[in-house]
Amino acid sequence: MNKDKLERLLQQYFNNTITDTDCIELLDYLRNNDPDEIAKTIDERLLMLEEGPEFNRFQAKKVLERIKSDSRFIRETEEPEDSESASKWYSNWIRVAVILVFFSAVSFYFLFNRYNKVTDQNDLTKVKSSQILPGSAKATLTLANGKVILLDSVADGMLTKSGRTVVNKAHNEGLVYNAQADNSRTITHTDTIYNTLSTPRGGEYKVKLPDGTNVWLNSSSSLSYPVEFAGNERHVKLTGEAYFEVAKNRNKPFYVHVNNTYVKVLGTHFNIAAYNDDAELTTTLLEGSVQISKNNKQCLLKPGQQAVIKNNTDLINVSEASINQVMAWKNGYFVFNDDNINAIMKKLSRWYDVDVEYQGNFENQRFGGTFYRSKGITELLNNLEKIGKVHFKITGRRIIVMQ
């Protein structure tokens, strides 16, 4: 495991967003590798943090004893007998134990015991339900026959096969459609079979369509698409928000249908935000060109431009886009730029799967800043309180916004 991956897994461990597979890999790595090298990485990580919880040698010793008492964490060789080597060995493991204290005692408790398969599932449910965690990679796949597959609950590998297309779940790659070559028949529109990928609040997911197009779905979104693109055009239907990297094919244009609007491309990178509870549809172009059409209105976007269409009009307003702000969600951030609290809380509601209640008038307040989507919601709300005249109260999964 390289340094970057170790730091990433430790960060996910701290945020309680680590997957079962990655958790096992991390704990195995701590068991099987030189504590001195691990402690060096830990030291560098601690120096990067502005502040952290206080801990002492007694706490570290307790964690160390827990590690040493588990057979999987006992070194294959005996502990060194000479005092100097023993002291170094003990000191290094103390430093590793300290980071496990730092990366949340509660998180360590239930993840460590889940790895040992002795955690009481009812207690684990209670711990999780009491926390508001950031979103993660989760979605459902609805097949043409109505079967629903929970993608975050199934193992990697082949999920299903439809005609010439094999559907796989690939680790860190999301959903992958592989169209196999078959010249024995001609595909017609009547053969078209659609699947739908849907993300809940608190979820995001990636899919690679059979033509090689990559799509990243934001939370509370869905994408319907054929398992095989028939004819001379490629059509998909979107609700919510998604980022597209369309595979180039000049002879087979790609269409995204959303509300009463469609976006036509040949091969390009763009983002569409069109949630049902938003007052407008926004298309932002990063690379290539796209044509936006609604009823009799059309416009052609250039890279760096953004088209905004109000839901109750056909007028298409084009302006320069803030690419950094538009793409923040895909890159793991929230970027607010003079945003009102309603717009901010709408994004937080989708990502953290919470409901929002307002007590007061906040129309004249604007907020700015950049925040990690992997962080807990409490830290983000605390920062908003520091920069504006607003306060928050968390009750279960409800956030109350107060003056």
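The values are calculated or read from the model by the stated rules, or taken from the named source; none is laboratory data. Everything numeric in this text was worked out from a predicted model, so none of it was measured. Heads up, the Cβs are rebuilt from the backbone with ideal geometry, glycines too, and the neighbour counts pull from every protein chain shown. For the accessible areas, the whole protein counts, side chains as well, though only heavy atoms, and no ligand, DNA or RNA atoms are used. Shrake-Rupley method; radii C 1.70, N 1.55, O 1.52, S 1.80 Å.
What the table shows:
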| read-out | value |
| --- | --- |
| Members of region 308-328 that are open to solvent by 30 Å² or more (accessible area, probe 1.4 Å), more than 18 Å from the chain's Cα centre (by Cα) and not β-branched (Val, Ile, Thr) | 310, 311, 312, 314, 315, 317, 319, 320, 322 |
| Qualifying residue in region 206-224 (condition: over 24 Å from residue 261 (Cβ atoms), modelled with pLDDT of 90 or more and open to solvent by 60 Å² or more (accessible area, probe 1.4 Å)) | yes |
| All positions within region 144-154 that are assigned to a loop (DSSP other than H, G, I, E, B) and open to solvent by 80 Å² or more (accessible area, probe 1.4 Å) | 145, 147 |
| Where residue 331 falls short, out of the listed (1) open to solvent by 20 Å² or more (accessible area, probe 1.4 Å); (2) in a loop (DSSP other than H, G, I, E, B); (3) modelled with pLDDT under 90 | (3) |
| Residue count for region 297-332, restricted to those that are closer than 19 Å to residue 265 by Cα and among the charged types (D, E, K, R) | 2 |
| Count of residues meeting criterion [under 15 Å from residue 136 (Cα atoms), open to solvent by 30 Å² or more (accessible area, probe 1.4 Å), assigned to a strand (DSSP E or B) and at pLDDT below 95] in region 172-205 | 0 |
| Residues that are under 18 Å from residue 325 (Cα atoms), among the hydroxyl-bearing types (Ser, Thr, Tyr) and in contact with a helix residue (DSSP H, G or I) (Cβ under 8 Å, 6 or more places away or on another chain), drawn from region 341-374 | 374 |
| Identity of the residue in region 280-298, in a strand (DSSP E or B) and hydroxyl-bearing (Ser, Thr, Tyr), that ends up farthest from the chain's Cα centre (by Cα) | 293 |
| Filtered residue count, region 299-328, keeping only those that are over 24 Å from residue 376 (Cβ atoms), part of a loop (DSSP other than H, G, I, E, B) and small (Gly, Ala, Ser) | 3 |
| Hey, residue 367 free of Cβ contacts under 8 Å to residues at least 60 places away in the same chain, in contact with a strand residue (DSSP E or B) (Cβ under 6 Å, 6 or more places away or on another chain) and within 22 Å of residue 205 (Cα to Cα) or not | no |
| All positions within region 155-171 that are assigned to a loop (DSSP other than H, G, I, E, B) and within 17 Å of residue 228 (Cα to Cα) | 163, 164 |
| Selection status of residue 352, open to solvent by 80 Å² or more (accessible area, probe 1.4 Å), in contact (Cβ under 8 Å) with a residue 24 or more places away in the chain and closer than 20 Å to residue 218 by Cβ | no |
| Inter-residue pairs, beta-carbon under 7 Å, first over 15 Å from residue 314 (Cα atoms) and in region 273-293, second open to solvent by 60 Å² or more (accessible area, probe 1.4 Å) and part of a strand (DSSP E or B), 6+ apart | 289/300; 290/264 |
| Residue in region 280-299 that is surrounded by the most Cβ atoms within 10 Å (Cβ to Cβ), counting only those that are under 10 Å from residue 309 (Cβ atoms) and aliphatic (A, V, I, L, M) | 292 |
